[in-house]
Amino acid sequence: DQQVKQNSPSLSVQEGRISILNCDYTNSMFDYFLWYKKYPAEGPTFLISISSIKDKNEDGRFTVFLNKSAKHLSLHIVPSQPGDSAVYFCAASPYNQGGKLIFGQGTELSVKP
Amino acid sequence: ETGVTQTPRHLVMGMTNKKSLKCEQHLGHNAMYWYKQSAKKPLELMFVYNFKEQTENNSVPSRFSPECPNSSHLFLHLHTLQPEDSALYLCASSQVERGNQPQHFGDGTRLSIL
């Protein structure tokens, strides 16, 4: 029973356009959400996060949106660059559980020049 | 050194061997974690240590034995593993008492069981 789901295993986008990665969750006790990026042969790198009291957080080219009623979050990358090509994982943390993270399966983003 | 360092990066072992994975964090964090990532699966949390005390064991078989001697070091002792234990093992650390903080990961140990 997967509590965090990324239903698109892959996404291909043209350089300069917007990349939108989606994530759905089922547990209403999640109160902190994160996106990580992973290159081959490296560990996941923290990208951006959002608390459940917000619906949007922006950091440069990266914006995360949270829709609590739909239990859905998305990561927007604008403009997309070839160096953004990687696997993106969303993760969620339950309230008051000492930093425990539940991860989605990942979406492989390919940005073509 | 900075960040989270894991050694070795690659490990091949037989099912009867005993080996240990090592993780060291230089971020001043007070919590450390072990994750397993099998092919085409999400990262699975294995163990959580807060202030050197184990606070989570996610139904991990006893052939995996964690050890946290201090807040900067974390080990995963392996013995009599099975072929299905072949995976990428990732260590992470975070600071848990300052509200929500992200976990920072090492580059992992790629484990192959013969």
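The values are calculated or read from the model by the stated rules, or taken from the named source; none is laboratory data. Model, not experiment: these values are computed from the prediction. Cβ atoms come from the backbone with ideal geometry, glycine included; neighbour counts cover every protein chain shown. SASA here: full protein model, heavy atoms, side chains in, ligands and nucleic acids out. Shrake-Rupley method; radii C 1.70, N 1.55, O 1.52, S 1.80 Å.
Working only within the stretch B:38-47, note down all residues that are in contact with a strand residue (DSSP E or B) (Cβ under 9 Å, 6 or more places away or on another chain) and farther than 17 Å from residue B:82 by Cβ.
Step one: of the stretch B:38-47, the residues in contact with a strand residue (DSSP E or B) (Cβ under 9 Å, 6 or more places away or on another chain) are B:38-39, B:41-47.
Listed by number, the residues that qualify are B:42, B:43, B:45, B:47.
Restricted to the stretch B:65-100, and to residues that are surrounded by 19 or more Cβ atoms within 10 Å (Cβ to Cβ) and over 14 Å from the mean Cα position of the chain (by Cα), which residue is modelled with the highest pLDDT?
B:81
Kindly check whether there is at least one residue in the stretch A:1-8 that is in a strand (DSSP E or B) and hydroxyl-bearing (Ser, Thr, Tyr). Talk me through it step by step, then tell me what you get.
Kept after step one, since they are in a strand (DSSP E or B), are these residues of the stretch A:1-8: A:4-5.
From what is left, the residues that are hydroxyl-bearing (Ser, Thr, Tyr) are none.
No, the stretch A:1-8 has no match at all.
Among the residues of the stretch B:1-35, which ones are within 16 Å of residue B:85 (Cα to Cα), open to solvent by less than 70 Å² (accessible area, probe 1.4 Å) and not aliphatic (A, V, I, L, M)?
B:14, B:17, B:20, B:34, B:35
Counting residues that are aromatic (Phe, Trp, Tyr) and away from chain B (no Cβ under 12 Å), which strands (runs of 3 or more DSSP E) fully inside the stretch A:26-112 reach at least 1?
On the way: elements: A:30-38, A:45-51, A:56-59, A:62-67, A:72-77, A:86-94, A:107-112.
Filter on the stretch A:26-112 gives A:62-67, A:86-94.
Where the second residue is part of a loop (DSSP other than H, G, I, E, B) and among the hydroxyl-bearing types (Ser, Thr, Tyr) and the first is within 27 Å of residue A:3 (Cβ to Cβ) and lies in the stretch A:59-84, which pairs have Cβ atoms under 9 Å and are six or more apart or on separate chains?
Sorted first by the residue in the stretch A:59-84, then by its partner, the pairs are A:66/A:52; A:68/A:28; A:68/A:52; A:71/A:26; A:71/A:28.
Any chance you could count how many residues in the stretch B:48-64 are within 16 Å of residue B:81 (Cβ to Cβ) and surrounded by 15 or more Cβ atoms within 10 Å (Cβ to Cβ)?
Matching residues across the stretch B:48-64 total 2.
Can you tell me which residues in the stretch B:20-31 are within 11 Å of another protein chain (Cβ to nearest Cβ) and at pLDDT below 95?
B:29, B:30, B:31
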